[in-house]
Amino acid sequence: SLSQKNIEVLFLSFAIHATIRLDFFRKRVHMDTIVLLFIAYLLGSIPSGVWIGKSFFKKDIRQFGSGNSGTTNTYRVLGKKAGTVVLFMDIFKGTLATLLPSFFHLPNINPLWFGVAAILGHTFPIFARFKGGKAVATSAGMLLGYQPMFFLYFFVIVLVGLFFTSIV
């Protein structure tokens, strides 16, 4: 039969084992978070305007217009079709990055951090020598992934601003 001392040793052993397991789990979650934040940054770093310009128009859009690689400069330099493609690609980058914690079942982490990582990636892209765009479309994508109603508010505000000022 189990004595009081044996029960205490068994309980202590279980508590230590549970604590060690919990610590390993926390470290794995932290490592998952760090890796996913880096992936979100890499997603944001995809210079869609530069890639579209070089692939289809043989132009580096950073050499023209404002010098940015974002949607607005793509519209100005390469036209509406290329600008629209870059717009959707940039929105998709922000949305996908913001949804990463949901895809990988990390419910205790605010998805906005992953969207911010994508925005930083778009603004300072590792694939384009850290010279990117202003991240307006990527920010819109972050809002779309986080809260679609915020995205609609943002969209309406941008349209009203464009209509009255014609400034992007």
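The values are calculated or read from the model by the stated rules, or taken from the named source; none is laboratory data. Nothing here was measured: the structure is a model prediction, and the numbers come from that model. Cβ atoms come from the backbone with ideal geometry, glycine included; neighbour counts cover every protein chain shown. Heavy atoms of the whole protein, side chains included, go into the accessibility calculation; ligands, DNA and RNA do not. Shrake-Rupley method; radii C 1.70, N 1.55, O 1.52, S 1.80 Å.
What number of residues within region 47-88 satisfy the criterion of being assigned to a helix (DSSP H, G or I) and surrounded by 15 or more Cβ atoms within 10 Å (Cβ to Cβ)? I'd like the intermediate steps shown before the answer.
Taking region 47-88 first, the residues assigned to a helix (DSSP H, G or I) are 48-56, 61-63, 71-78, 80-88.
Retained after the next criterion (residues that are surrounded by 15 or more Cβ atoms within 10 Å (Cβ to Cβ)): 48-53, 61-62, 71-78, 82-83, 85-87.
Residues flagged as assigned to a helix (DSSP H, G or I) and surrounded by 15 or more Cβ atoms within 10 Å (Cβ to Cβ) within region 47-88 amount to 21.
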Notebook entry, point to check: Does any residue of region 134-155 turn out to be among the hydroxyl-bearing types (S, T, Y), over 16 Å from the mean Cα position of the chain (by Cα) and open to solvent by 90 Å² or more (accessible area, probe 1.4 Å)?
Noted result: yes
Next item on the list: Please indicate, with yes or no, whether at least one residue in region 114-123 is assigned to a loop (DSSP other than H, G, I, E, B) and either touching a residue at least 40 places away in the same chain (Cβ under 8 Å) or open to solvent by less than 80 Å² (accessible area, probe 1.4 Å) (or both).
Entry: no
